[in-house]
Amino acid sequence: MSDETACLTRRSRNNRGQELSAIRASVVRMTTFVLVPGMWLGASAWRDVVSPLTALGHSAYPLDLSLEPGTDLDAHVAEVVAVLEKDDLRDVVLVGHSYGGMVVSTAAGQVADRVARVVYLDSGPLPDGMSQFDTTSPEEQEQTRASVVDGLVPVPEHLRAEGRPHPFASVTQGVHYTPEYATLPQTLITCSFPADQVRGMIAAGHPFFAKLEGADVVDLPGDHWPMFSRPGELAEVLAALPSGRPSSR
């Protein structure tokens, strides 16, 4: 083999090595997102978020939670856990919007070995035993109870095009945590409150964000439903999150 041929061969091998390294790096960066909707919503609420995520090479599992009368929080948690186990999903970024934060809080601790990060989208981990219903005022609770029909909370007018009646039992059952939950990295994507205000609420121990000390807080200003109002920006925020679990928290 001539010196020139040997040089070209080494260069070709180096190029292939660099290409393989780049491919491995891109694969490592790819993330599996499991997207849990809030009250009244289903998997379709995430459609404009899923498209840009998958275009970037990520995997996205937008979930439809059961909205049958009598369905409680435990049933919704079991549905999320079943998806992760049935499809053998690992290193998952588990995203919960609004009421979905209650679901991911409980589910994440039950399958902590499959979860890389818990993301709260305009939501948060409430104190153990507290329900979504408990976060509202007595006046709002009375109005909600009066509106329930056949065990379902009617869809509010602003979600009429996307929503379905939501089971009242799910919002009155309290959240519960396992010890494993505390090992999971957390991110709060805040839309309704400015990030600085949220950090102050976390520091003050506000119950809406009771377990977020040390969590990442990302600002995405806007309304409470960014999957409709800012889906592209939401996808960018999710794609930029660290996906791997650090060695210690």
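The values are calculated or read from the model by the stated rules, or taken from the named source; none is laboratory data. Note that the structure is a prediction, hence the values are computed from the model and not measured. Neighbour counts run over all protein chains shown; Cβ positions are idealised from the backbone, glycine included. For the accessible areas, the whole protein counts, side chains as well, though only heavy atoms, and no ligand, DNA or RNA atoms are used. Shrake-Rupley method; radii C 1.70, N 1.55, O 1.52, S 1.80 Å.
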_Cα-centred dipole magnitude for the chain, charges only on beta-carbon of K, R (+1) and D, E (-1), debye, nearest 20_ = 1140 debye
*Semi-axes, largest first, in whole Å: what does sqrt of 5 times each Cα gyration tensor eigenvalue give for the chain?*
40, 19, 17
*Under the classification rounded if a/c is under 1.5, otherwise prolate if a/b is larger than b/c and oblate if not, where does segment 153-207 fall, given a ≥ b ≥ c as square roots of the Cα gyration tensor eigenvalues?*
oblate
*Is the shape of segment 165-249 best called rounded, prolate or oblate, per the rule: a/c under 1.5 gives rounded, else a/b larger than b/c gives prolate, else oblate, with a ≥ b ≥ c the square roots of the Cα gyration tensor eigenvalues?*
rounded
*asked:* Projecting each Cα onto the charge dipole of the chain (Lys/Arg +1, Asp/Glu -1 at the beta carbon, about the Cα centre), which of VAL83, THR106, GLY42 comes out farthest on the positive side?
replied: VAL83
_Neighbour net charge for PHE228 - beta-carbon separation under 11 angstrom, K R +1, D E -1_ = -1
*Distance from the Cα centre of segment 216-235 to that of segment 136-213, in angstrom?*
16 Å
*Accessible carbon and sulfur surface of the chain relative to its total accessible area, %, 1.4 Å*: 52 percent
*Lys and Arg at +1, Asp and Glu at -1: add these up for the other residues within a Cβ distance under 9 Å of THR190 and post the number.*
-2
*Listed residues SER66, LEU53, PRO167: farthest to the positive end of the dipole of the chain (Cβ charges)*: LEU53
*Excluding ligands, DNA and RNA, what is the solvent-accessible area per residue of the chain at a probe of 1.4 Å, expressed in Å²?*
49 Å²
*Assuming a ≥ b ≥ c are the square roots of the Cα gyration tensor eigenvalues, decide whether segment 93-184 counts as rounded (a/c under 1.5), prolate (otherwise, with a/b larger than b/c) or oblate.*
prolate
_Net charge within 10 Å of THR172 by Cβ-Cβ distance, Lys/Arg positive one each and Asp/Glu negative one each, not counting THR172 itself?_
-1
*Mind giving me the nanometre distance, one decimal, between the label points for GLU162 and GLU142, set 7 Å out from Cα along Cα→Cβ?*
3.2 nm
